[in-house]
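Everything below concerns the one structure shown next.
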Amino acid sequence: MPLPSQPLILTGGCSCGAIRYRIAVPESSSRPPVPFFPDGHDPMPNPVSCHCNDCRRATASLLPVIFLQCPAPMVTVSVLEESPDEQGNGQQQHGGRFVDVLAEGYDQVATDAKRPPYLPAVDVLRASSTSTSTGTQDNAAKKTWLRFYHSTSCSPTASRTFCGRCGTQVAFHMALEPWHCTSGKLPDSFSDIIDINGGTFDRDVLDQEGWLDPGVEVNFRSGTALGKKVAASAKGMGHVPKMYGFVAAEGVATKEELERLAQ
Ligand SMILES: [Zn+2]
Ligand SMILES: [Zn+2]
């Protein structure tokens, strides 16, 4: 089952808790369509499985990664400032690996009250020379644990975000261009996409049956032998379209190819 139709909040973050995010998903009638897939009818946020070499290296995942493609306005992010005293106990209050967010008695409201505020992702996860938590003048001097990288270019229009403390790859940001969109123009309600790496969601999200099942697998041509074999033979995933590139115009894996891989 895909995401339920009612409004919901999805949460997650890096392994150590320095980066936490929330995705405020509106009711289904208010979810915009995916701008760059051929049919354009799937609503966002939408789970995608990607076989590309960049996702593989960045996440160190031999199998294709799954990420949730979100319009940037749905996402807010809270990032701890880099502390010169990382040995102190003060960091443990912020959650993450040391105080697991699903541990018995975990109080998300109380924990979040001790964190830096959740700010619009487009302000936080857009690579810049300052990498601050807010981008405002007041906080421009504060250095957070956010780090930015992308194998082909790291710029305010395309970058990966990872935690400088624990190394978790959290998200990929891209600024949409009209040529990305099947309609040839930008969506009305957003111009930036935030791909949240699926493995960073809190367990209560991941434990929901079907919420992160991808509706499409992209860059199948670039997949590893094992990745393609698993994708072709995985129970319940055989029917999911496997596009050779990022768009269907580049071709879709044939039934014969998938059957051969699944043997
Ligand atoms: Zn971290
Ligand atoms: Zn990829």
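The numbers here are math on the coordinates, done by the rules we state, and not lab data. Remember, it's a predicted structure, so these values are computed and weren't measured experimentally. Glycine also receives a Cβ, built like all others from the backbone with ideal geometry; neighbour counts cover every protein chain displayed.
A few points about this structure:
- A straight chain from residue 143 to residue 180 at 0.36 nm per residue would run longer than the Cα-Cα distance by 10.0 nm.
- Residue exposure sequence - 179, 145 - by fewest surrounding Cβ within 10 Å: 179, 145
- Positive-end ranking of 263, 194, 158 along the dipole of the chain, with charges on Cβ about the Cα centre, is headed by 263.
- Seen from residue 234, the other residues with C-beta closer than 13 Å to its C-beta sum to a net charge of +2, counting Lys and Arg as +1 and Asp and Glu as -1.
- Span from the segment 244-263 Cα centroid across to the segment 1-35 one, whole angstrom: 29
- Least to most buried among 51, 150, 239, 180 (fewest other Cβ within 10 Å first): 239, 180, 150, 51
- Partners of residue 228 within straight-line reach, counting lysines whose Cα lies under 24 Å from its Cα and excluding those fewer than 8 residues away in the same chain: 242, 255.
- Rounded to the nearest 500, the helix-only mean residue ellipticity at 222 nm of the chain stands at -3500 deg cm²/dmol, with each DSSP H run of n ≥ 4 adding -39,500 (n - 2.57).
- Cβ-based exposure ranking for 221, 57, in which fewest neighbours within 10 Å come first: 57, 221
- Sites residue 203 and residue 256, calculated FRET efficiency, Cβ-Cβ separation with R0 41 Å, nearest 0.05: 0.60
- Estimated distance in nm for a label pair at residue 154 and residue 213, the labels positioned 7 Å out from Cα along Cα-to-Cβ: 3.8
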